Amino acid sequence: TDHALNEALLACRTRNEMAAFLADLCTPQEINALAERWLLARLLALGTLSYREIGTMTGASTTTIGRVARFLQRERHHGYSLVLDR
């Protein structure tokens, strides 16, 4: 993990600061991909929708949904769960 990037993200104090930093750091497509993954994580965490239903709602591929689900459920970092719990 790039500690300098983590520190830079933590230095943002408001939503507007974070939006400005991300706009400078990422392309619009990268921001959209991050936003999509976060939406998928939130929908998957509900536990009430199938991959197909989530795909229909969001336009995300089942591959992307499956990847997010794997990280949400089985990967050691537990980053999605940590933030979802907050």
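The values are calculated or read from the model by the stated rules, or taken from the named source; none is laboratory data. All values reported here derive from a predicted model rather than from experimental measurement. Because the Cβ atoms are built from the backbone with ideal geometry, glycine has one as well, and the counts that use them run over all protein chains shown. Accessible surface is based on the protein model in full, side chains and every heavy atom, while ligands, DNA and RNA are left aside. Shrake-Rupley method; radii C 1.70, N 1.55, O 1.52, S 1.80 Å.
Normalised by the number of residues in the chain, the mean separation of alpha-carbon contacts (under 8 Å, six or more apart) gives a relative contact order of 19 percent. Beyond 19 Å, what percent of the Cα pairs of the chain remain? Within the chain, distances greater than 19 Å cover 47 percent of Cα pairs.
Here the accessible area is traced with a 1.4 Å probe on the protein chains. For the chain, carbon and sulfur cover 53 percent of it. Classify region 40-86 from the C-alpha gyration tensor, please: rounded if a/c falls under 1.5, else prolate or oblate depending on whether a/b exceeds b/c. Verdict is prolate for region 40-86. The simple Förster model, with R0 at 25 Å and r as the Cβ-Cβ distance, assigns ASP85 and MET18 a FRET efficiency of 0.80.
Heavy atoms of the protein chains alone define the surface here; on that basis the chain has 77 Å² accessible area per residue at 1.4 Å probe size. For the chain, the mean residue ellipticity at 222 nm estimated from helices alone is -23000 deg cm²/dmol, where every DSSP H run of n ≥ 4 contributes -39500 (n - 2.57) and the total is divided by all residues, rounded to the nearest 500. Computed over neighbours whose Cβ is under 15 Å from that of GLN73, the net charge equals +4, Lys and Arg +1, Asp and Glu -1.
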